[in-house]
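Participant: Quick one: this structure, given as structure tokens, is what I'll be asking you about.
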Amino acid sequence: MKRVRTRIIALAATKGGVGKSTLSAALAVRASEESKKVAILDGDTGQNSLSRWWQLRGSPKNPNLVKVECTPEGVGLVGAQGYEWLFIDTPPRGVDEIGQAISVADFVLIP
């Protein structure tokens, strides 16, 4: 598969319940209307809201839930698989995890 430049959007906040998962899902669906390969990454392993949303939609291929580490190497794997977009839903209170997502993101949205 051809490696593409993956645009990475991280949704970050240290508080839960501010809409990170909802916004991640909505943005991913919108991106999938124009892009053939959109990925979502559920960094909130405590709640798994984005993962549950994806399963309830029938585990679609686009947007697709990817299970990689939120590191430059993990994000590189997403690009190597040809994904054009990656939306990262970060966990609340996980300052280290949020920092990792911010460090690999092209854009950070703070709801």
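Participant: Note down all Cβ pairs under 7 Å where the first residue falls in the range 50-78 and is farther than 13 Å from Ala28 by Cβ, the second is part of a helix (DSSP H, G or I) and not hydrophobic (A, V, I, L, M, F, W, C), and they're at least six residues apart or on different chains.
Facilitator: Sorted first by the residue in the range 50-78, then by its partner, the pairs are Val68/Gly74; Cys70/Glu97; Cys70/Gln100; Thr71/Gln100.
Participant: Out of Thr71, Thr45, which single residue is open to solvent by 20 Å² or more (accessible area, probe 1.4 Å), at pLDDT below 95 and within 21 Å of Pro111 (Cα to Cα)? Please lay out each step first, then the result.
Facilitator: Numbers: Thr71 fails: within 21 Å of Pro111 (Cα to Cα).
Selected residue: Thr45, the only one of Thr71, Thr45 that is open to solvent by 20 Å² or more (accessible area, probe 1.4 Å), at pLDDT below 95 and within 21 Å of Pro111 (Cα to Cα).
Participant: Select from the range 75-93 the residues that are surrounded by fewer than 21 Cβ atoms within 10 Å (Cβ to Cβ) and under 21 Å from Ala13 (Cβ atoms) and write down the one among them that is farthest from the chain's Cα centre (by Cα).
Facilitator: Arg93
Participant: (1) of a type outside the set (Ser, Thr, Tyr); (2) farther than 17 Å from Pro111 by Cβ; (3) more than 16 Å from the chain's Cα centre (by Cα); (4) surrounded by fewer than 13 Cβ atoms within 10 Å (Cβ to Cβ): which one isn't true of Lys15, the others all being true?
Facilitator: Result: Lys15 passes all but (2).
Participant: Same structure, new question: Give me a count of the residues in the range 1-42 that are among the basic types (Lys, Arg), modelled with pLDDT under 95 and closer than 20 Å to Leu77 by Cβ.
Facilitator: Of the residues in the range 1-42, 4 are among the basic types (Lys, Arg), modelled with pLDDT under 95 and closer than 20 Å to Leu77 by Cβ.
Participant: If you take the residues of the range 32-48 that are small (Gly, Ala, Ser) and over 12 Å from the mean Cα position of the chain (by Cα), which of them is farthest from Gly19 (Cα to Cα)?
Facilitator: Step one: of the range 32-48, the residues small (Gly, Ala, Ser) are 32, 35, 39, 43, 46.
If we keep only those that are over 12 Å from the mean Cα position of the chain (by Cα) as well, we get 32, 35, 46.
Working: Ser32: 20, Ser35: 23, Gly46: 15 Å.
Per the stated criteria, the residue is Ser35.
The values are calculated or read from the model by the stated rules, or taken from the named source; none is laboratory data. Just so you know, these numbers come straight off a predicted model, no measurement behind them. Ideal geometry is used to build each Cβ from the backbone, glycine not excepted, and the neighbour counts take in all protein chains shown. The protein model used for the area step is the full one, side chains on, heavy atoms only, and it has no ligands, DNA or RNA in it. Shrake-Rupley method; radii C 1.70, N 1.55, O 1.52, S 1.80 Å.
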